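Student: A single structure is presented below for examination.
Readers should treat all values here as calculations from the given coordinates under stated rules, not as data from a laboratory. Treat the numbers as computed from the prediction; the structure is a model and nothing was measured. Quick reminder, even Gly has a Cβ in these numbers, built from the backbone with ideal geometry, and neighbours come from all protein chains shown.
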Amino acid sequence: MPAAFSGKRPGLRLLLLLCLSLSGGSPADPTVTTQDASHSQANSLTKMQTGLNVSSPGPDLTTQEFKQETKEHVSNATFVEYEILLPGVSGTSTEKNITLDRATRIELSCRLDNKYSHLKSLQVTWKWGNETLRHINKTENSWGIQLRIWDNSQLGSYSCTLKGEEEMHAVFHLQVPKIEGKEKPIVSYEGDTAVMICKSYGYTPTAWTWYMTNGSEQVAINDSLLADKYVINRVSANVTHLKILKLTKEDDGIYWCEAGFELGKSKGKLKLKVLSLMVPLKPFLAIVAEVIVLVTVVFLYEIYSKKKEKCAADEKEFDQIEQLKSEESNGLENSSTRHRKI
Amino acid sequence: MPPLANAGQAPGPPDGGWGWAVVCGAFVSIGFAYAFPKGLAIFFKEIQDFFGTSYSEVAWVSSIMLATTYGAGPISSILVNRYGSRPVVIFGGLLCGIGMVSAAFCTSILQLYICVGFITGFGLALNLQPSVIIIGKYFLKRRPIANGLAMAGSPVMLCTLAPLNQFLFDNFGWRGSFLILGAILLHCCVAGALFRPIGAPTPPVKPQVTGKGKDALKEEVTEDAMEMGSPTKVPMEDKVEEEGGKACCEKINQYLDFSLFKHRGFLIYLIGNVLMFLGFFAPIVFLAPYAKHIGIDEYSAAFLLSILAIVDMIARPTTGIIANSKWVRPQIQYFFSFSIAFNGTCHLLCPLASGYTGLVIYAIFFGLAFGMVCAMLFETLMDLVGAARFTSAVGLVTIAECCTILLGPPIGGTLIDTFGDYKYMFIKCGAVMVLAGTFLFIMNYYNYRMLAKEEKERKAKEENPKPVRTENEGRNSWNKETTRDGPELEPLSKEQEGLKEEVNGINEV
């Protein structure tokens, strides 16, 4: 259960209020801003939260603030808002995936479409897994909850249910950034080098770790121990390279790259295939043989047709000589006829 | 179906028969030469990761290959002039194979530049030029169709190579793929085997030769060691003593005909084409990135290129058939200029295309225009300089085009980077091509008029009882005869005259 809702120490709350208001900045507006369900970019919605609106619910939250302050620098506090419109137009889903890589204050809300605002006696429940959450912010047509996430255990699916004549449901999935591996295997050859790359898009991990699968378990790759076999290189903040030298058949298999974020870890899968040099050699030799056969066929056909032509030409010559002889005996008239023909 | 073949010796281009087998060979050869550098792009990502280089360093491989293929044109021409098409193409095929097989064992990007870039590029150059040349030797009346069909090899090979390369890469990695591609490139040798040598298409000046007797004629025709690529060789053999002074220049010209630079038609073609190539390839290179830029997903963007290739495939032979029709053939240069200008207009209108449908329409028209231009690219050159000097002409043209071909996409890229907008690149390409088309149109109009004038003068001269043909057959009169190859009706009637003389020759003996 998220610690957001356990209440303690009101005195500390006053002290904190004083500190924050002294540090300046305008109080944040907790009322839900109207956004499209399609606007789900966390980065674009980040607001610097430096003050507290007194209308925010309960003493529970201050404890969270305190914990947050002790865990990170004040200036790093990020605040994001997400909203789902219910009952939802066909086409837009009533689920949203929210990616968080670091401790965040987050507000989730379900807004009722204006067309349905006439519905009275709506019962709204917020749930996290099976647990029901209290302390719902209610405004005119929307119901929201504020959360502080700083731990992996706080991630998961938060859902709101609006029960009236019909039931409307919306879910927010809070998760760490996903790392994509490669679906297609990387093909390499024995004795060669293989380079495997993992990238994180948009979020910078704090650490990268590589694992290889040995049977059914994953074994971490220690590149300092086996420096002439593995080389792990963090090319940039978001990219890591694993170079495997002197490949053998045993290196064939599945590898995992794990990115560590503040809020948890995420893995990407890569496959390595190690082939022997014989594998491409067979098609190569087959094609070369085919080419040789074709070239031979073409040349043989040419020799054959030349022989035929020569025979035909010899015969023709013979005929022409015969004709010339007969012409000479027939006179000039025949030759002029032949001219005109051609 | 050889129309004038039955007279016996050197009947003129067969325009059929074995010529169609030659077209098949040229189809394969030209296809590999144009499509192979583009098809390699699939491997670049993996090679870039493997060697740890930047994308531009890997893209150099393709650029070097393209540059070598075009830049080695003159060398190719010299070799064809000396040895004929067949040995050159077979050697080129072997070179390509060796290049790619050695590339499979490379351990640095520099070695890739040499193996894939230079060696394979040079092999492809030795494939491209001779294939185009031999079509001119086998066809005259149906030459545009033959050219259109042979040039259709490029999009067909590209459509075949792209998925094939992907399949090879998925199963064998880049090293295994290069090995197998080396074997596939050996099929150029098969194409070369089909290029049977043939005698000169237009009978060189006969009366002096027939003086030697029938045997000499027969010897020339059945000689298959060397094609009579350069007609100047025949008259030269007769008067080596007379022209001792010019022997050196003529010897160079025998290998590579630099006197083409005095040829009006050739110069027009050269300037127009060099200008056109500045804007020719850039739109293809940037079509997919542009589509992604305006929000289209990767697969649909790739599909645009497929549409382009398919339309291109159909457009090339069709253009060949249209160009061969009796209305278009005499004015083929105008048709060529029109297709270039049409191409340019497509690019100028592209920025107006909004959304995927607009781009699909653009891709269709672009494919059509691209195919039209490519189908007639070499046909118009043959039409201007004649089949005899085409060997040297194509070499000189390709090396001149080489510079602008290489400059085109980078200039486009710079425009895109500077302005952050693709439309300026399209406008630049469109403007350059419309300019080139207009230039060619005007200059060819002028050229046709000059040719008509020269034709009138020649006819006037012939009416005087001066025997033009038995005179000193130096380069000058031969030049005149070949420049008259412009309007295609001329050589046809010339052939008939030549034939009459042959028949006379036979009867004399």
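Student: B:S325 versus A:N152, label points 7 Å from Cα toward the beta carbon: distance in nm?
Tutor: 7.3
Student: Still on this model: How many partner chain Cβ atoms sit within 10 Å of a residue's Cβ in peptide A:259-266, on average, as a whole number?
Tutor: Other-chain Cβ atoms within 10 Å of each residue's Cβ, averaged: 0.
Student: Hey, another quick one. Going toward the positive end of the dipole of the stretch A:182-304, with +1 on Lys and Arg Cβ and -1 on Asp and Glu Cβ, which of A:L275, A:V298, A:Y211 do you reach last?
Tutor: Ranked along the dipole, the leading option is A:Y211.
Student: Still on this model: Report Rg/Rh for the stretch A:160-308, rounded to two decimals, where Rg is the Cα radius of gyration and Rh the Kirkwood radius.
Tutor: That ratio is 1.33, to two decimals.
Student: Using the Cα atoms of the stretch A:88-191 to build a convex hull, what is its mean projected area in square nanometres? If you can, show how the numbers build up before the last one.
Tutor: On the way: hull surface 41.7 nm².
Mean orientational projected area (the stretch A:88-191, Cα hull): 10.4 nm².
Student: Next question, about the same structure. For the stretch B:333-387, what size does the Cα cloud have along each of its three principal axes, sorted from largest down, in whole Å?
Tutor: Dimensions of the stretch B:333-387 along the principal axes of its Cα atoms: 46, 14, 11 Å.
Student: Which order, highest average first, do B:173-184, B:292-303 follow once you tally other Cβ atoms within 10 Å for each residue and take the mean per peptide?
Tutor: Top to bottom by mean Cβ count within 10 Å: B:173-184, B:292-303.
Student: Here is a follow-up. How many times 2.2 N^0.38 Å is the alpha carbon radius of gyration of the stretch A:125-169? Mind showing how you got there, number by number?
Tutor: Details: Rg = 11.8 Å, N = 45, 2.2 N^0.38 = 9.3 Å.
For the stretch A:125-169, the normalised Cα radius of gyration is 1.26.
Student: What ranking do A:292-304, B:23-35 get when scored by the average of other Cβ atoms within 10 Å per residue, highest first?
Tutor: B:23-35, A:292-304
Student: Anything over 31 Å Cα to Cα? Flag those among A:K243/B:K38; A:K316/B:K459; A:K163/A:K269, in the order listed.
Tutor: Checking Cα-Cα distances, A:K316/B:K459; A:K163/A:K269 exceed 31 Å.
Student: Here is a follow-up. I'd like to compare B:331-337, B:13-19, B:383-389: which one has the highest average count of other Cβ atoms within 10 Å, and what's the full order after that? Spell out each step's value before the answer.
Tutor: Numbers: B:331-337: 22.0, B:13-19: 19.7, B:383-389: 26.3.
Highest to lowest by the protection proxy: B:383-389, B:331-337, B:13-19.
Student: How big is the Rg/Rh ratio for the stretch B:1-144, C-alpha atoms only, Rh by Kirkwood, two decimals?
Tutor: 1.12
Student: Only Lys, Arg, Asp and Glu count, each charged at its Cβ (+1, +1, -1, -1), so figure out the dipole size of the stretch A:155-306 about its Cα centre, rounded to 20 debye. List each step's numbers first, then the result.
Tutor: On the way: 17 positive and 17 negative charges, 70 e Å.
So the dipole magnitude of the stretch A:155-306 works out to roughly 340 debye.
Student: What whole-number volume per residue, in cubic angstrom, does the convex hull of the C-alpha atoms of the stretch B:84-186 give?
Tutor: On the way: hull volume 8.8 nm³, N = 103.
So the per-residue hull volume is 86 Å³.
Student: Averaged across the residues of B:184-193, what count of C-beta atoms belonging to other chains lies within 10 Å of each residue's C-beta?
Tutor: 5
Student: What distance in nm separates the two pseudo spin-label positions at A:A313 and A:S216, each 7 Å out from Cα along the beta-carbon direction?
Tutor: The two pseudo-label positions are separated by 8.0 nm.
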